[in-house]
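Structure first, then comments.
The values are calculated or read from the model by the stated rules, or taken from the named source; none is laboratory data. Note that this is a predicted model, so its numbers are computed, not measured. When we count neighbours, we look across all protein chains shown, and the Cβ atoms used for this are built from the backbone with ideal geometry, even at glycine. In case anyone asks, the SASA skips ligands and DNA or RNA and just uses the protein heavy atoms, side chains included. Shrake-Rupley method; radii C 1.70, N 1.55, O 1.52, S 1.80 Å.
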Amino acid sequence: MGTGMYTPRDTARCDTASDRPDPAPTARSSRRKAPALTRHPLPARASRGRALALSAGVLATALALSACGARAGASDDAGSTASGGASCVDTSGDTVKIGFLNSLSGTMAISEQTVRDSLDLAAEEINAAGGVLGKQLEVVAEDGASEPTVFAEKAEKLISSDCVAAVFGGWTSSSRKAMLPVFESRDSLLFYPVQYEGLEASPNIFYTGATTNQQIIPGMDYLKEQGKTKVFLVGSDYVFPRTANKIINAYAEANGIEIVGEEYAPLGHTDFSTIVNKLKASGADAVFNTLNGDSNVAFFKEYKNVGLAADTVPVVSVSIAEEEVGGIGVDNVVGQLTAWNYYQTVESAANTDFVAAFKEAYGEDRPTSDPMEAAYTSLYLWKGMVEKAESFDVAAIQEAADGVTFDAPEGTVTVNGDNHHIAKTAYIGEIQEDGLIYPVWQSDGPIEPDPFLEGYDWAEGLS
């Protein structure tokens, strides 16, 4: 652990209320580059000539959001916002503020606390190594409380009142979609660390978790390779599972797989008797699980109670990582499968160092996992972009982002400047009795991000 000027602090909400936006991932070895995206044009200030998708209603949101007051003394490289006001990011001293926004309460806290811990670790390491452009990182930390509207409100506060240079966090797609118009209207940057359903790209978000072709499709490819032909879908009732399952249905139709059931439960739901009985009666030979948070505890306990087992009806999960295994109970999930881009058991020098540092900071009993590794990586990628740009200015960072790499614990990752995602290696892992997840399959090198699935004929029309 380093001893830099890392100073996390929880602060009060902004006095000026903001409107709260309503909350509205083929394991291919090819390193095909996704085509440049053209959804809506970037603001005129951008010079790189690339196009990323802006959300509908951003202009209305920009007019509705009100600033909490710019800070005096901001330096010239702080830039300006899309809504016309000067950024209040202050880079005139020897520190620069960044924001961490994660759920430390509510149903998602079981997962998001791990992300906060890894962000804290990265900040301490960066400060101990001299900071970013010679400036120490001062962290302003907020709790998203597992509520999309709270994430939007806290994002507005971090940008407009706390004057952070970038925000790192979010987990559910609902939280991300609630924050997206805030970051676009304020022309600030969000680094989002969790796998998601794809079909999105924003100039103001960098996605360091997997998109669909780096996690969901490899998971389905693996089931197909194992001869599974009848798949049951179970998920939480919000954006990610419903969109992911729409993609899975299209994949299944094109690959001779029958979807024998599709069920959803509210976030935090704990009674899975009806859903699991439907699963057992469906004749499924595999399950694709997009449940999130502590609902997984109840689901797997009921799955085991009715006599289902990993050797006959395996479950592939995309939101259960090492940290969640302990909460669910190893006995309830041993032998089950996960689709991710990192496990604690990945063999690399960078991962050995990361795992050692994390355990030194938080205890030998704390495992590492994909979302926390992606969050850790996100802070280093931002550092690389800032240093390449030689500026904390948003436009300069966007311009410099393409091709920025980091020797991450998961392997070398590279930023795609066309869609703000990163190339990632896909892994299918099996949960074993020690509570860790061990790779049983991996892609042949990093898979280039294709968030709109433009390289897959069967996905035509999904976006």
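Tabulated results
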quantity	calculated
Enumeration of residues in region 95-130 that are closer than 20 Å to ASN296 by Cα, open to solvent by 10 Å² or more (accessible area, probe 1.4 Å) and in a helix (DSSP H, G or I)	ALA109, ILE110, GLN113
Enumeration of residues in region 351-402 that are among the charged types (D, E, K, R) and assigned to a helix (DSSP H, G or I)	ASP353, LYS359, GLU360, ASP370, GLU373, LYS383, GLU387, LYS388, GLU399
Residue match in region 424-442 (condition: modelled with pLDDT of 95 or more, closer than 24 Å to GLY99 by Cα and of a type in the set (Ser, Thr, Tyr))	no
Number of positions in region 426-441 that are in a loop (DSSP other than H, G, I, E, B) and surrounded by 23 or more Cβ atoms within 10 Å (Cβ to Cβ)	1
Single match in SER369, SER348 (criterion: of a type in the set (Gly, Ala, Ser), open to solvent by less than 30 Å² (accessible area, probe 1.4 Å) and either at pLDDT below 95 or within 23 Å of SER103 (Cβ to Cβ) (or both))	SER369
ARG176, sole failed condition from (1) assigned to a loop (DSSP other than H, G, I, E, B); (2) closer than 20 Å to TYR376 by Cβ; (3) under 16 Å from the mean Cα position of the chain (by Cα)	(1)
Yes/no for MET220 being open to solvent by less than 10 Å² (accessible area, probe 1.4 Å) and farther than 26 Å from VAL297 by Cα	no
Every residue from region 352-373 that is among the small types (Gly, Ala, Ser) and closer than 12 Å to GLU112 by Cα	SER369
ALA145 open to solvent by less than 20 Å² (accessible area, probe 1.4 Å) and under 27 Å from PRO181 (Cβ atoms)	no
Subset of region 397-411 [over 16 Å from GLY99 (Cβ atoms), of a type in the set (A, V, I, L, M, F, W, C) and open to solvent by less than 30 Å² (accessible area, probe 1.4 Å)]	ALA400, ALA401, VAL404, ALA408
Pairs with Cβ under 8 Å, 6+ apart, first in region 338-361 and within 15 Å of GLY445 (Cα to Cα), second among the charged types (D, E, K, R) and outside any loop (DSSP other than H, G, I, E, B)	TRP340/ASP370; ASN341/ASP370; ASN341/LYS424; TYR342/ASP370; TYR342/GLU373
Every pair of residues 6+ apart whose Cβ atoms lie under 8 Å, when the first sits in region 286-308 and is on the phi > 0 side of the Ramachandran plot and open to solvent by 10 Å² or more (accessible area, probe 1.4 Å) while the second is part of a helix (DSSP H, G or I) and modelled with pLDDT of 95 or more	GLY307/LYS280
